1. Cross-link partners among aspartates and glutamates for Lys401, C-alpha distance below 17 Å, same-chain residues fewer than 8 apart left out?
2. Enter the mean projected area of the convex hull around the alpha-carbon atoms of the chain, in nm², rounded to one decimal.
3. Work out how much length Asp444 to Phe84 would gain on full extension: take 0.36 nm times their residue separation and subtract the Cα-Cα distance, in nm to one decimal.
4. Please work out the Cα center distance from the range 262-332 to the range 434-479, rounded to the nearest Å.
5. Determine how many Å³ per residue the convex hull of the Cα atoms of the range 11-176 encloses.
6. Leaving ligands, DNA and RNA out of it, rank His244, His389 by accessible area with a 1.4 Å probe, largest first.
7. Near His208, within a Cβ-to-Cβ distance under 9 Å, what is the net charge of the other residues, with Lys and Arg +1 and Asp and Glu -1?
8. So the label point goes 7 Å from the Cα of Ile346 along Cα→C-beta, right? Which residues of the range 392-434 then have their backbone N under 17 Å from it?
Amino acid sequence: MNKIDWNFNNTYLKLPKDMLSEQKPESVKNPELIILNYNLSEDLDINFKGLDSKYLASVFSGNLLPDGSEAISMAYAGHQFGNFTILGDGRAITIGEHFNQRKQGYEIQFKGSGKTKFSRNGDGKAAIGPMLREYIISEAMYYLNIPTTRSLAVIKTGEKVKRETELDGAILTRVATSHIRVGTFQYFAFKKDETSLKNLVNYTVNKHFPSLKNEKNIYLNLIGELIDKQIDLIVNWMRVGFIHGVMNTDNMALSGETIDYGPCAFMDIYDPKTVFSSIDHFGRYAYYNQPTIAKWNLARFAECLIPFLDKDKNKAIELATNKINEFDNKYEKKWLKMMGEKLGFISQEKSDEVLILDLLQWMHINKADYTNTFCNLTYENIINDEIFHMDEFVNWKERWKKRLSEDKNIQKSKDLMKASNPVIIPRNYLVEEALKYAEDGNLDKIKHLLKILSNPYKMQSSITSYQMPPKQSKIPYKTYCGT
Ligand code: AMP
Ligand code: MG
């Protein structure tokens, strides 16, 4: 029989033993393949063609573990909404690390395949809606050119999971370059286990920051590199209006990939205070607060490395603090560059910031759609909402055009704008609608939505209905964790 040609070489087994627990997925009753990511399979150099769906369902449910699989779950800790907790993979099991022909490694992980050593009070299971939602949004992020874990498959287990009501159980196969989090470092720092911390640093540097291997102060440089990586990520989120929703330190990956698609969502109307998560009562993870929280998380990371920064503890703290304080300037610069590019600026002028802030303020006051405002500028009035005829906006546009003309290369400016401003984002109401159909067994809408989301920077007349902001609702959109 044909099989998936996995090429497992599970380097995660080199991680400190204390953070790994052998853990086989629970077998499920009646696995049914719901969706499979052929595009991702090509990047992985695995071939799904000619494989029957029963076989695929048994592989992606964990009922049939492939040869070479060494299934584990990982320990980690984390600050959840600011409070330190010992956590771990409560419903995730990594079955192997696959290497493609370019020798790039990808951890293949099931989410929702039963209890682990770290499940605490949870059932280790997942429901179909949230797993398909992660599939859609992570794929959308990938095509928006934002670093992210990806989704290879979703299967239905044929079993029910108990939430507020009984829901169909499901398993998502998540693919990540690694699942090392800030919280993984916190786990060993909490235990004051410096040997394991060092091993973890070495593994992480080898995998994600190989250029640091020969640096003198590898630890301080690692903090610096992680700051850069996270700034790039957050700036990208801000660019497209993405709100992660649960930026706990256990959800910040050392790879710089967006990880853990729980209560995340995209902003429609521009409001910096936008929060979707039902449990984020104080707006800790609001849109505008994401850089501040990233810095806070990075400071927690730096704390873990204090013992290695200098023999003198005070000196070590000073070094870490100075490094972390580089965040603000670096972020500000990269954010300004990104916003400038959204407006087509090739050069950077001092006065650009005022122009950018004036636009954002106008959007905020007038409840303009974030994505569509930039589309209106990029594609010259193609999004013909009444709001864009307002005097204030027309006047702002005159100032902007004057500034653009200073760069003297309108074609290059347009190209920059087209590459920075998506036409299509996974709008919450469209995602919800597609999920509703899927939960009733009809996958057509999800498949169509995924196709549209796979080309987010191309303006086409056929996608107009996917560009529409939601009808104003009196009930704000809410998202939920860990379902
Ligand atoms: P998250 O909000 O997804 O980052 O999850 C926080 C922690 O809760 C992680 O350690 C998860 O593994 C764990 N968790 C979430 N859902 C479940 C579940 N259904 N069963 C067991 N653990 C869970
Ligand atoms: Mg998590």
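1. List returned: Glu341, Glu349, Asp352, Glu353, Asp358, Glu380, Asp391, Glu392, Asp415.
2. 23.8
3. Computed gain between Asp444 and Phe84 is 125.3 nm.
4. Between the Cα centres of the range 262-332 and the range 434-479 lies a distance of 31 Å.
5. Cα-based convex hull of the range 11-176, divided per residue, equals 131 Å³.
6. His389, His244
7. After counting each charged neighbour, the total is +1.
8. 401-420
The values are calculated or read from the model by the stated rules, or taken from the named source; none is laboratory data. For clarity, every value in this text was computed on a predicted model and none was experimentally measured. FYI the Cβ positions are ideal-geometry reconstructions off the backbone, even for glycines, and counts take in every protein chain you see. Side chains are part of the model used for accessible areas, which takes the heavy atoms of the whole protein and leaves out ligands, DNA and RNA. Shrake-Rupley method; radii C 1.70, N 1.55, O 1.52, S 1.80 Å.
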